[in-house]
1. In segment 41-128, which trypsin sites (Lys or Arg not before Pro) are in a loop and have at most 16 other Cβ atoms within 10 Å, using DSSP for the loop call?
2. For the pairs LYS72/LYS103; LYS72/LYS99; LYS79/LYS103; LYS16/LYS74, flag any whose C-alpha to C-alpha distance is greater than 32 Å.
3. Tell me, what is the FRET efficiency for ALA87 and TYR58 to the nearest 0.05, using R0 = 30 angstrom and their Cβ-Cβ distance as r?
4. Between TYR7 and ILE23, with labels modelled 7 Å along Cα→Cβ, what's the label distance in nm to one decimal, could you check?
5. Excluding same-chain residues fewer than 8 positions from LYS3, which lysines have a Cα within less than 21 Å of its Cα?
6. When ligands, DNA and RNA are left out and all protein chains stay put, how many square angstrom of accessible area per residue does the chain have with a 1.4 Å probe?
7. Express the relative contact order of segment 1-78 as a whole percentage, based on alpha carbon pairs under 8 Å and six or more residues apart in sequence.
8. Carbon-plus-sulfur fraction of the accessible area of the chain, 1.4 Å probe, in percent?
Amino acid sequence: MNKFASYFKDSYGWDKLSSYLSIIGIILCSTKFTAVFGVALIVFSTIRSISKNKYRRYQELQTFESFLGNLKNKFSTLKYSTAHNIAQSRQYKIFKCPKCSQKLRVPRKQGKVVITCKKCGTEFKKRT
């Protein structure tokens, strides 16, 4: 028992990445097609936790947390922009200028209107 304690004394330990890998591995073990990959993830997370190379494991954790943070930011931005776009699409219609491709926002239900591009000054008619 003392040998096990002395062996694990300098190991890195269990962290967030190891937990995620184990959970994904357990989920993948539920089907016969992905079971081998699931077991591999569980073994990898266990090996990570007993590793003695603390600096390398910490770098992996920081990379993972950075990736996770970027992913969360993308989803929160997407959530906000989608709700904002839906609200705007009810009130306005978006057209592209045929000359410079500038996006122009015009109120809906105005019939045929002459739209003037603020960027290049081109005028064109569209139905709103």
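1. Sparse-neighbourhood loop trypsin sites (Lys or Arg not before Pro): LYS52, LYS99, ARG108, LYS109, LYS118, LYS119.
2. Going by Cα-Cα distance, LYS72/LYS99 fall outside the 32 Å limit.
3. Once the sixth-power term is evaluated, E becomes 0.10.
4. For the pair TYR7/ILE23, the computed spacing is 2.9 nm.
5. The reachable lysines, counting only those whose Cα sits under 21 Å from LYS3, are LYS52, LYS54.
6. On a per-residue basis, 79 Å².
7. Relative contact order comes out at 34 percent.
8. Exposed carbon and sulfur together represent 61 percent of the surface.
The values are calculated or read from the model by the stated rules, or taken from the named source; none is laboratory data. Note that the structure is a prediction, hence the values are computed from the model and not measured. Every residue, glycine as well, gets a Cβ built from its backbone with ideal geometry; the counts of neighbours run over all protein chains shown. Surface accessibility is based on the protein's heavy atoms, side chains included, excluding ligands, DNA and RNA. Shrake-Rupley method; radii C 1.70, N 1.55, O 1.52, S 1.80 Å.
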